[in-house]
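Trainee: Questions regarding the structure given below will be posed in turn.
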Amino acid sequence: MKERFGIVMQDLPGSTETFIKAHISELQPRFVYYGAPIPQFVNDDKLQPLFMRALRKVAAVLKNETYWHDEVAFEKHLKKQSIEVLLAEYGVVGAYIYKTCQKLGIKLVIHFHGYDASMYSVILRLGNRYRQMFEVATRVVAVSEEMKNDLIILGCDPQKIDVNPYGPNEEFTNVIPNYQSNNIVSVGRFTEKKAPDVMIKAFARVLKAFPEARLRMIGDGELKKSCEDLVVELGLADQIEFLGLLSKDHICKVFEDSSIFVQHSVQASSGDKEGSPVAIMEAAAAGLPIVSTRHAGIRETVIEEETGYLCNEHDVQSFSDNLKKLLESKNRREQMGNAGRVHIKTNFSRQKHIGFLNNIVSNAT
């Protein structure tokens, strides 16, 4: 089957998300197609010579078919290689290749990951394509129950949907947190759906009761500068540290010197939502109790009152109160952290995620 299987994605294989890299590495497709919105490259090669691309582009413009030249080259390669199954990474990819799959009788598995199932502009632009795509798709993969419900609302037959959450990197299971410390850590992009400003405001309230607490924020993004300004404005430069982007090994070291993980995920004004939050899984796998929100797949990853505390989105006071509950008791931090480690190991391994996806692809033939 591997000889007749390909993965289709938007980004260069080396620059894409970690979980998609894992799909490529573990599922071992013969071909990886990439380029947006229609694939223009396969593995390390262009799908057609530059002079042919230029000629086809002129023809496409004259016919008002913007992507016609890419579709022809993509279809030609699929036929030549007798491809039987394609895995589309993100729904937006599936929306542009489903007609080709239907034409050639290729089985199409569509893997949604997050924004592609919730962002308003995407739904407005591709809603009709999605409905037709769902009819053609063999299977559709969601990473949380909430995403499954979103896909049903968008028109997908629930019988076609498989829920398959990600799993953490196994190295995080070897971390031993310092439950004696009052160090709190977050990992994620400084973007609206992570609401880093809410975490900062909540932490400012925590400091009134626990002045020895420290918050270390790992990551980068468009809101980082405004968050740094907020920290200065609140006079918290000595209590909040911005660590920037760190390698997995460095994140593990920060986890070893921490006792709580925080992430205040919300639905962004654009509609963007989390899928299955890997950072929370990795923190829980490392034995850190979680303080987060009742958002998307987080409600499946964190067991309320057992492996962490959750609150409603944008609820600064409740988020702050939940942090205080953990800071009040070293035993509670350790108990919840250990329970979280077991929960993740039992239900969210990367091996389980890849195995499940491999079965979906294999059974699509």
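The values are calculated or read from the model by the stated rules, or taken from the named source; none is laboratory data. Here the structure is a predicted model, which means the values were calculated and not measured. All Cβ positions, even for glycine, are placed from backbone atoms using ideal geometry, and neighbour counts span all protein chains on display. The area values use the complete protein model at the heavy-atom level, side chains included, leaving out ligands, DNA and RNA. Shrake-Rupley method; radii C 1.70, N 1.55, O 1.52, S 1.80 Å.
Trainee: Counting residues that are over 21 Å from L326 (Cα atoms), which strands (runs of 3 or more DSSP E) fully inside region 196-283 reach at least 2?
Mentor: Answer list for region 196-283: 240-244.
Trainee: Just to be sure I understand the filter: pairs with C-beta atoms under 8 Å, separated by 6 or more residues or on different chains, first member in region 72-83 and on the phi < 0 side of the Ramachandran plot, second member in a helix (DSSP H, G or I) and open to solvent by less than 30 Å² (accessible area, probe 1.4 Å). Which pairs pass?
Mentor: These pairs meet every condition: F74/I97; F74/T100; E75/T100; L78/T100.
Trainee: So which residues in region 150-195 are part of a helix (DSSP H, G or I) and in contact with a strand residue (DSSP E or B) (Cβ under 9 Å, 6 or more places away or on another chain), if there are any at all?
Mentor: Scanning region 150-195 gives D150, L151, I152, K160, K194.
Trainee: (1) touching a strand residue (DSSP E or B) at 6+ places or on another chain (Cβ under 6 Å); (2) of a type in the set (G, A, S); (3) within 26 Å of A284 (Cα to Cα): which one isn't true of G94, the others all being true?
Mentor: (3)
Trainee: Could you list, ordered by first residue, the pairs with Cβ atoms under 8 Å in which the first is in region 13-38 and more than 24 Å from A73 (Cβ to Cβ) and open to solvent by 80 Å² or more (accessible area, probe 1.4 Å) and the second is in a helix (DSSP H, G or I) and at pLDDT 85 or above, at least 6 apart or interchain?
Mentor: T18/V278; E26/I354; E26/N358
Trainee: Quick check on region 101-120. Is at least one of its residues among the polar types (S, T, N, Q), in contact with a Gly (Cβ under 8 Å, 6 or more places away or on another chain) and in contact (Cβ under 8 Å) with a residue 12 or more places away in the chain?
Mentor: Yes, because at least one residue in region 101-120 is among the polar types (S, T, N, Q), in contact with a Gly (Cβ under 8 Å, 6 or more places away or on another chain) and in contact (Cβ under 8 Å) with a residue 12 or more places away in the chain.
Trainee: Among (1) modelled with pLDDT of 85 or more; (2) surrounded by fewer than 20 Cβ atoms within 10 Å (Cβ to Cβ); (3) not basic (K, R), there is one condition M52 misses while meeting the rest; what is its number?
Mentor: If we test M52 against (1) modelled with pLDDT of 85 or more; (2) surrounded by fewer than 20 Cβ atoms within 10 Å (Cβ to Cβ); (3) not basic (K, R), just (1) comes out false.
Trainee: Return only the number of the condition from (1) crowded, with 21+ Cβ neighbours inside 10 Å; (2) at pLDDT below 95 that M1 does not satisfy.
Mentor: If we test M1 against (1) crowded, with 21+ Cβ neighbours inside 10 Å; (2) at pLDDT below 95, just (1) comes out false.
Trainee: Same structure, new question: Being of a type outside the set (D, E), closer than 18 Å to M199 by Cβ and open to solvent by 10 Å² or more (accessible area, probe 1.4 Å) is the filter here; which residues of region 279-301 pass it?
Mentor: A279, R294
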